[in-house]
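The values are calculated or read from the model by the stated rules, or taken from the named source; none is laboratory data. Keep in mind that what you see is a predicted model, and the values were worked out from it rather than measured. Here the Cβ is made from the backbone with ideal geometry for all residues, glycine too, and neighbour counts use every protein chain on show. Please note that ligands, DNA and RNA were not included when accessible areas were found on the heavy atoms of the full protein model with its side chains. Shrake-Rupley method; radii C 1.70, N 1.55, O 1.52, S 1.80 Å.
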Amino acid sequence: MAKWTVKPTWKKSIIERNYMKKDGNRVMVETGWRWGEFIVYTDDDTPPVLEAGVDLYNCDYEAEMVETSDGCWEEHDYDDCDDDTREWLEEFFEEGNSYYDLEEHGWEFDDGEMIIDCDMTIERCDD
């Protein structure tokens, strides 16, 4: 098994999406990162084939995040929420709460995506 480090070539190109659910409602929180690094594993010495827009959590390779840094935006999508929940969430986030704080209110993490939306630098990094 080969180990590869994967980094974006442009800043502000990592998009992290976290989905949380409660009582039939689902909210998506998108965070943009200026920089980050990931490890991707391949079965042989062939580098992974990754294109701009790939979700590293759902691609043909085992991948893990090393780090992300310098968050530059956060957006919330309430399209899958009823009106009362949407209103509550808007107020909740306006008060400065983090989406992690939703767990204290009965919300559960549902799914996640980690997208690199530009060309990538891929280098072998076996120990």
Taking K and R as +1 and D and E as -1, what net charge do the other residues with C-beta under 11 Å from the C-beta of residue 32 add up to?
-2
Treating each Cα of the chain as an identical point scatterer and ignoring solvent, apply the Debye formula and state log10 I(q)/I(0) at q = 0.11, 0.13 Å⁻¹.
-0.46, -0.60
So, with points 7 Å from each Cα along the Cβ direction, the residue 61-residue 88 label distance in nm works out to 4.2
Net charge near residue 120: determine it from the other residues with C-beta under 11 Å of the C-beta of residue 120, scoring Lys and Arg +1 and Asp and Glu -1.
-4
Which whole-number value in Å² is the accessible area per residue of the chain, probe 1.4 Å?
60
First select every other residue whose beta carbon is under 10 angstrom from the beta carbon of residue 68; then total the charges, Lys and Arg +1, Asp and Glu -1.
-3
Sequence of 50, 89 when ordered by accessible area, the most exposed leading, probe 1.4 angstrom
50, 89
Stretch gain in nm, segment residue 44-residue 125, where the contour uses 0.36 nm per residue and the Cα spacing is subtracted
27.8 nm
With a ≥ b ≥ c the root eigenvalues of the C-alpha gyration tensor of the range 1-50, is it rounded (a/c under 1.5), prolate (a/b larger than b/c) or oblate?
oblate
To the nearest 10 degrees, how steeply does helix 83-94 sit against the main Cα axis of the chain, on a 0 to 90 scale?
70
